[in-house]
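A.B. asks: Provided herewith is a single structure, encoded as structure tokens, for subsequent inquiry.
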Amino acid sequence: MSEWNIEEAERVYGVSQWGGGYFRIGEKGNVEVTPVPEDTSISIDFKAVIDEIREEGVQFPVVVRFHDVLRSQVASLNTIFRTTITEAGYNGQYQGVYPVKVNQMREVVEEIVEAGAPFNYGLEAGSKAELLTVLAMNTNEDSLTILNGYKDDEFMRLALLGRKLGRKIVVVVEKYSELLLLVKIAKELNIDPIIGVRAKMTVKGRGKWESSGGERAKFGLTITEIIKTARYLEEQGMAHCLKLLHFHIGSQLTDIRAVKEAMTEGARIYADLHKMGFPLDYVDVGGGLGIDYDGSNSTNESSRNYSMQEYVADVVYGMKEMCDLEDVPHPTLVSESGRAITAHHSCVVTEIVGEIKSNSASIDTEVKDGEHFFVKNMRELAETLDQQDNMQEVYNDASQYKEQALDAFKLRVLTLEELAKIETLYWHIMSHLHAYYANEEYVPEELQELDYSLSSQYLCNFSVFQSAADTWAIDQLLPVVPLTRMNERPEVNCSLVDITCDSDGKIDQFTVGREITDVLPMHKLKKDDPYYVGLFLTGAYQDVMGDMHNLFGRLNEVHIYSYDDDPQDFYIEEVVKGSSVEDVLSIMQYNPKAMASDMKRMIDRQISNGTFNPREAVRWNDFYENCLSGYTYLKP
């Protein structure tokens, strides 16, 4: 076996590949965070973060937010657009917006608004609740507020309230009937709206969300409807209100060719509308800027085959080329890149609280008088392993003996103890075969499954459904790595299971050495030495999409800021408490106070019949109430 070192750990876990310049494996074997990539003197050891969280008495699992990473991504996107626009000789500007649906958490939106202020970076809303939020949050009169999604009367009036306040609120028409409603209300209130139209593109994206484009797309107007919209506004004396063309071909675009194709089609629509007498000011290229979840830099569904720089270049140069060919002005470019902005800044940290192993239990398999010959056959096979030449035959025989034993047990031929002996011997044989084939070049197909069947399941104190919903719902790959001990060779292959009582509460797809596997190499658990793993790139969607399966609520949050003058290069700026049991019960329409009162009455009734003495009753009542006010996750 080769010597284990940090380079080998990097090969296995690929931290620098998916880390986006923010994460790496340090010399001590711990994950390190470089929240400002251009300033490598600031380096945060994740173990120091964990130690301080514990010292602060914050219970795990926790969401850790690195706010400097969030600010850095906002600055990077805007800076790259500005630099590329200058280099290309593009005559327009860039005014991006952050789509709050990606992560609506107040702390996240506030940070993005503040970091984006020098760039006039705005917000996008796709629902009435989001619109109410962005009206209050996006107070920069020079930034854009883009409104997507289906809209009703209240939605339109709120948008026009924003216009009355002097904001650049753009109402994007998703279907023709919305236009009629908007024009009616605008005339009623005597307020000129800023109107955009969303084109239903023929180009389709690449990846899980490619159905966002094409003729069967949920949102957008056909070319015919776009022309009809423009003509209707002209008839109503409101042609000057039509300012923006929007298109979107899908989230997490994996292939840069989709971006190139979309820019060609979208730019041509813009150019022709301009020639028809509708001089639009903005072209919104939508979302889709992907991130590399698996570190493969490929067209895999959880990756992308391009960089942020390449994406921006294709947007800018694609629009410039078409505009120059058609001799129309270069519009201001808008994008809605939420995933790329937020994903890296947030991760879930959870403790491994136990190990589940199929072959961990065993019983004495010594010979006993009168035992069934099935037991004898399996024992003889186990005792002669070193004498066997054909390991495939050993596997076939052991599998057959086990199947026969199970049938015999069901027919009351074998006793439970005899079946347990056969099971113990079977797993002994499988472990031997697994070790034998570990160094062989060819492994028979049936025996390849031993890697998984003999692997451990590490029990994690969290809920997949709450904190990593996409891993369950759409098989999204999220990077999972141990946060410490990566300078040690990992000796346990395992999958992760959560503490919900649901068999789907597991993570069993990982990126290991640029391959997708169903087990992840981890380290052996040590008594009295907590072992933590991190689920990374959870800042986009995972923070806000979780449900309360088994009534596990939101996690405690720890907000980290870098601070070069601190010995550890960071400080905890804020701790946001997660859901208590009372919180989740109230959401489910229970009344925790009434429940506590009912429990007290039941306990008090037991005092009179001697089940509890008064002091004991008080302790039990206090215990129940403390559990109601406590965290929904396991205590260490």
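To keep it simple, each residue is scored yes or no on (1) farther than 30 Å from Ile50 by Cβ; (2) buried (at least 19 other Cβ atoms within 10 Å of the Cβ).
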| residue | (1), (2) |
| --- | --- |
| Asp397 | yes, no |
| Lys410 | yes, no |
| Leu425 | yes, yes |
| Glu446 | yes, no |
| Gln457 | no, no |
| Phe465 | no, yes |
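A.B. asks: In the range 324-332, is there at least one residue being outside any loop (DSSP other than H, G, I, E, B) and buried (at least 23 other Cβ atoms within 10 Å of the Cβ)?
C.D. replies: no
A.B. asks: Still on this structure, I have one more. Does Gly126 fit the bill of being touching a helix residue (DSSP H, G or I) at 6+ places or on another chain (Cβ under 6 Å), under 22 Å from Val285 (Cβ atoms), buried (at least 20 other Cβ atoms within 10 Å of the Cβ) and outside the structural domain of Leu221 (by TED's automatic domain parsing)?
C.D. replies: When the stated conditions are applied, Gly126 passes them.
A.B. asks: Taking the criterion of being at positive phi, small (Gly, Ala, Ser), at pLDDT 95 or above and surrounded by fewer than 18 Cβ atoms within 10 Å (Cβ to Cβ), would at least one residue in the range 45-55 satisfy it?
C.D. replies: Looking through the range 45-55, none of the residues is at positive phi, small (Gly, Ala, Ser), at pLDDT 95 or above and surrounded by fewer than 18 Cβ atoms within 10 Å (Cβ to Cβ).
A.B. asks: Consider Arg216 carefully, then state whether it is more than 19 Å from Asn148 (Cα to Cα), assigned to a loop (DSSP other than H, G, I, E, B) and either modelled with pLDDT of 90 or more or assigned by TED's automatic domain parsing to the domain that holds Val170 (or both).
C.D. replies: Here the answer is no, as Arg216 does not meet what is asked.
A.B. asks: Please verify whether Gln568 is within 21 Å of Val58 (Cβ to Cβ) and over 23 Å from the mean Cα position of the chain (by Cα), treating the condition exactly as stated.
C.D. replies: For Gln568, the condition - within 21 Å of Val58 (Cβ to Cβ) and over 23 Å from the mean Cα position of the chain (by Cα) - is met.
A.B. asks: Say whether the condition of being under 30 Å from Asp407 (Cβ atoms), part of a loop (DSSP other than H, G, I, E, B) and among the hydrophobic types (A, V, I, L, M, F, W, C) is met by at least one residue in the range 366-374.
C.D. replies: yes
A.B. asks: Output the number of residues of the range 560-583 satisfying the condition of being assigned to a strand (DSSP E or B) and surrounded by 19 or more Cβ atoms within 10 Å (Cβ to Cβ).
C.D. replies: 3
A.B. asks: Do the conditions hold for Ser72, that is, is it under 20 Å from Tyr541 (Cα atoms) and crowded, with 21+ Cβ neighbours inside 10 Å?
C.D. replies: Spelling it out, Ser72 is indeed under 20 Å from Tyr541 (Cα atoms) and crowded, with 21+ Cβ neighbours inside 10 Å.
A.B. asks: Of all residues in the range 584-618, how many are farther than 30 Å from Arg554 by Cβ and assigned to a helix (DSSP H, G or I)?
C.D. replies: 13
A.B. asks: Has the range 111-121 got any residue that is touching a residue at least 60 places away in the same chain (Cβ under 8 Å), outside the structural domain of Ser251 (by TED's automatic domain parsing) and over 22 Å from Ile560 (Cβ atoms)?
C.D. replies: Looking through the range 111-121, none of the residues is touching a residue at least 60 places away in the same chain (Cβ under 8 Å), outside the structural domain of Ser251 (by TED's automatic domain parsing) and over 22 Å from Ile560 (Cβ atoms).
Rundown of residues vs (1) among the aromatic types (Phe, Trp, Tyr); (2) part of a strand (DSSP E or B); (3) under 20 Å from the mean Cα position of the chain (by Cα); (4) in the same structural domain as Asp314 (by TED's automatic domain parsing), yes/no style:
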position	(1), (2), (3), (4)
Arg11	no, no, no, no
Glu27	no, no, no, no
Pro37	no, no, no, no
Val58	no, no, no, no
Val63	no, yes, yes, no
Ser72	no, no, yes, no
Arg82	no, no, no, no
Ile85	no, no, no, no
Asn91	no, no, no, no
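The values are calculated or read from the model by the stated rules, or taken from the named source; none is laboratory data. Here the structure is a predicted model, which is why all the values come from computation and not from measurement. A quick note on method: Cβ atoms are made from the backbone with ideal geometry, for glycine too, and the neighbour counts reach across all protein chains shown.
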